[in-house]
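Since the structure comes first, as structure tokens, the remarks are kept for the end.
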């Protein structure tokens, strides 16, 4: 029984010694100056091979006398891929860039770039991108029952589905002519799915040969073919008919028109509207607005020198608006029409 106090005392001394030793061995890591930031498109196409590079290599701490360049690694967690592309001390001729191929799988990828060196905490930066499939039997855009009829734009060879009603052929897809306008969230890879946004002046000049912007009177006749009772005033909001033109579309398995009890996306007209909002333009800047809420497209009718009319479909209601918008400060989707020939 007398041994116990001595045993505990010895144990305490051993633990204290271990703690002191641990404190002595603690390492203080230096920090890099800067971040290995890089850019990647928000949307990338399956099968595409990309090469990305940090904007600049990070710098060593000012107190460090070493001049060796840091190492660099890349990591994509969804692909379980980690590549060290340069090691600490490699010459400047060894690049820090990373090349990889986008997998054929619709998902969001998170890509991380890290810089490392002995005695330093890693410096990292990350960015994400959405993988899309724009061609083939199963694209990122599903649920749109396009008409089988097609026309080819002679300028770029692009094909468009179209539907016919009230004596006119109507494009069933948004115009995607790349000579003008803005891409969906500035990602040209999505032009094949969503088309582009144009100011009214650009829209006047961008339809294929033989096609033009529709008037409100023409759209009234088109809507009356699928809505009852028939409307009579082309320059007002149509009280019903939106559901007949809305496609029950999904983008990468996410429904684009949110469910609301007052409207059902039926797309009986084949017009295939999807809610892409609009682009607000100010000076040299622009921003995407009301995405997944509204489908908007220009008409040929002017209100005055500054404004022209557009048609609007809102996610909550079966109505179709008729509103004026500033020609030079709004970019909307475009649906072109032509006189139907039997």
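The values are calculated or read from the model by the stated rules, or taken from the named source; none is laboratory data. Computed from a predicted model, the values in this text were never measured in an experiment. Methodologically, a virtual Cβ is constructed for each residue, glycine included, from the backbone with ideal geometry; neighbour enumeration extends over all protein chains shown.
Summary of computed values
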read-out	value
So residue 138, is it assigned to a loop (DSSP other than H, G, I, E, B) and within 23 Å of residue 170 (Cβ to Cβ)	no
Members of the range 103-126 that are surrounded by fewer than 18 Cβ atoms within 10 Å (Cβ to Cβ) and not in a strand (DSSP E or B)	103, 104, 105, 106, 107, 118, 119, 122
Criterion violated by residue 139 - all others in (1) crowded, with 17+ Cβ neighbours inside 10 Å; (2) in contact with a helix residue (DSSP H, G or I) (Cβ under 8 Å, 6 or more places away or on another chain); (3) within 30 Å of residue 31 (Cα to Cα) satisfied	(3)
Any hit, the range 75-98, residues being at pLDDT below 95, out of contact with any helix residue (DSSP H, G or I) (no Cβ under 6 Å at 6 or more places or on another chain) and under 30 Å from residue 159 (Cα atoms)	no
Close pairs (6 angstrom Cβ cut-off, 6 or more residues apart or separate chains): more than 15 Å from residue 103 (Cβ to Cβ) in the range 125-141, in a loop (DSSP other than H, G, I, E, B) and at pLDDT 95 or above anywhere	125/36; 125/37; 127/40; 139/133
Failed item in (1) touching a residue at least 40 places away in the same chain (Cβ under 8 Å); (2) exposed (fewer than 15 other Cβ atoms within 10 Å of the Cβ); (3) closer than 22 Å to residue 337 by Cβ, with residue 295 passing the rest	(2)
Residue 324 surrounded by fewer than 16 Cβ atoms within 10 Å (Cβ to Cβ) and free of Cβ contacts under 8 Å to residues at least 12 places away in the same chain	no
Some residue of the range 233-246 being crowded, with 18+ Cβ neighbours inside 10 Å, in the same structural domain as residue 281 (by TED's automatic domain parsing) and closer than 30 Å to residue 44 by Cα	yes
Some residue of the range 256-273 being surrounded by fewer than 19 Cβ atoms within 10 Å (Cβ to Cβ), in a loop (DSSP other than H, G, I, E, B) and in contact (Cβ under 8 Å) with a residue 60 or more places away in the chain	no
Hits in the range 271-308 - residues which are more than 21 Å from the chain's Cα centre (by Cα) and either outside the structural domain of residue 186 (by TED's automatic domain parsing) or closer than 19 Å to residue 319 by Cβ (or both)	271, 298, 299, 301
Some residue of the range 43-59 being surrounded by fewer than 11 Cβ atoms within 10 Å (Cβ to Cβ), at pLDDT 95 or above and in contact with a strand residue (DSSP E or B) (Cβ under 7 Å, 6 or more places away or on another chain)	yes
Which listed residue, of 187, 128, is outside the structural domain of residue 256 (by TED's automatic domain parsing) and touching a strand residue (DSSP E or B) at 6+ places or on another chain (Cβ under 6 Å)	128
Output for the range 142-178, where each listed residue is surrounded by 14 or more Cβ atoms within 10 Å (Cβ to Cβ), in contact with a helix residue (DSSP H, G or I) (Cβ under 7 Å, 6 or more places away or on another chain) and outside any strand (DSSP E or B)	166, 174, 175, 176, 177
Count of residues meeting criterion [in contact (Cβ under 8 Å) with a residue 24 or more places away in the chain and either out of contact with any strand residue (DSSP E or B) (no Cβ under 9 Å at 6 or more places or on another chain) or assigned to a strand (DSSP E or B) (or both)] in the range 72-101	9
Number of the exception - residue 104 against (1) out of contact with any strand residue (DSSP E or B) (no Cβ under 8 Å at 6 or more places or on another chain); (2) assigned by TED's automatic domain parsing to the domain that holds residue 254	(2)
Residues within the range 191-217 that are free of Cβ contacts under 8 Å to residues at least 60 places away in the same chain and assigned to a loop (DSSP other than H, G, I, E, B), tallied	1
